[in-house]
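**Q** Attaching a single structure in structure tokens format; questions to follow.
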Amino acid sequence: IDLYEEKLALAQTEMEYYQLQIKPHFFVNCFSLIHAMAQKQEYQRIQEFCVKLSNYVRYLFSQSLSLVPLERELSMVREFLGIQHIRHRVNVQLREEIDGSIQGLAIPPLSLLTFVENSIKHTKSGDCLHLSIRVETFTDHSGEKKIRFLLQDSGGGFSKEALRELERLDPSKMVYRRTHVGIANVRYRLYLGYGEDATLTLRNQGQSAVVEITTPCGQHTERRIYESFDCR
């Protein structure tokens, strides 16, 4: 039992570390924007921006680091899009399709938000981005019930170089790179939480970038660590 608890604590600590691996320049840019708005005396815009940024930062540093309700993650997606609309005046048309049979679903935090950030990153100021998020249940070839997360945007798709590089990432290792850090982070945290039972697939569909994540229903870190012991 002591060994089990030690291994579980180590895995949870490692997961917390990678969930808190955020980009400092994002906040530097936010402070610069607040300063610019103050110079223009756009005080109402500053208030709206600070409220959204506060909610976003609170979520990043939330103490509930293992799993969060899906609705909370989606709420932070909306807050993030509001921040970007103020920062870059990016117009995003968001469509959400959530399977009504999914009640109380919990997911690793930032699993969806990371890819929304990636979509915004490749959208030019003034452009209109169409973004859809679909969450549904399905049964795989072995008869196991799983959950599928599909994110699709109209930003032109992934480059061939990016897809090749991302396909080479080992999901069981967190390799530091100058690019695609966020995507590698999500892939590794999915491995920490679900092992090889979770998948992350990136592809292009016409002019759209598509991200597909599949996870088992209800299996996460603690259960996976327990099942890794030989109890005979």
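**Q** Evaluate the following for Cys50: is it surrounded by fewer than 15 Cβ atoms within 10 Å (Cβ to Cβ) and closer than 21 Å to Gly206 by Cα?
**A** no
**Q** Same structure again: Quick test for you: out of Tyr17, Tyr56, pick the one residue that is modelled with pLDDT under 90, surrounded by fewer than 15 Cβ atoms within 10 Å (Cβ to Cβ) and under 16 Å from the mean Cα position of the chain (by Cα).
**A** Tyr17
**Q** Still on this structure, please answer the following. So, Glu48, is that one at pLDDT 90 or above and closer than 26 Å to Asp127 by Cβ or not?
**A** Yes: the conditions hold for Glu48.
**Q** While we're on this one: So which residues in the stretch 194-232 are modelled with pLDDT of 90 or more, among the hydroxyl-bearing types (Ser, Thr, Tyr) and open to solvent by 30 Å² or more (accessible area, probe 1.4 Å)?
**A** Hits for the stretch 194-232 are Thr199, Thr201.
**Q** While we're looking at this one, here's another question. Might you check whether a residue that is within 21 Å of Ile147 (Cβ to Cβ), open to solvent by less than 10 Å² (accessible area, probe 1.4 Å) and in contact (Cβ under 8 Å) with a residue 12 or more places away in the chain occurs anywhere in the stretch 76-95?
**A** Yes, because at least one residue in the stretch 76-95 is within 21 Å of Ile147 (Cβ to Cβ), open to solvent by less than 10 Å² (accessible area, probe 1.4 Å) and in contact (Cβ under 8 Å) with a residue 12 or more places away in the chain.
Listed here are the residues, each with its yes/no results for (1) modelled with pLDDT of 80 or more; (2) open to solvent by 40 Å² or more (accessible area, probe 1.4 Å); (3) within 18 Å of the chain's Cα centre (by Cα); (4) within 20 Å of Leu67 (Cβ to Cβ).
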position	(1), (2), (3), (4)
Leu113	yes, no, yes, yes
Glu136	yes, yes, yes, yes
Pro171	no, yes, yes, yes
Tyr176	no, yes, yes, no
Gly182	no, no, yes, yes
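**Q** Out of the residues in the stretch 75-89 that are touching a helix residue (DSSP H, G or I) at 6+ places or on another chain (Cβ under 9 Å) and under 20 Å from His35 (Cα atoms), state the one that is modelled with the lowest pLDDT.
**A** Looking at residues that are touching a helix residue (DSSP H, G or I) at 6+ places or on another chain (Cβ under 9 Å) and under 20 Å from His35 (Cα atoms), I get His88.
**Q** Quick one: would you say His122 is open to solvent by 50 Å² or more (accessible area, probe 1.4 Å), closer than 21 Å to Gln205 by Cα and out of contact with any helix residue (DSSP H, G or I) (no Cβ under 9 Å at 6 or more places or on another chain)?
**A** Yes; evaluated as a whole, the condition is true for this residue.
The values are calculated or read from the model by the stated rules, or taken from the named source; none is laboratory data. Computed from a predicted model, the values in this text were never measured in an experiment. Note: ideal-geometry Cβ built from the backbone for every residue, glycine included; neighbour counts use all protein chains shown. The accessibility values were calculated without ligands, DNA or RNA, using every heavy atom of the protein model including side chains. Shrake-Rupley method; radii C 1.70, N 1.55, O 1.52, S 1.80 Å.
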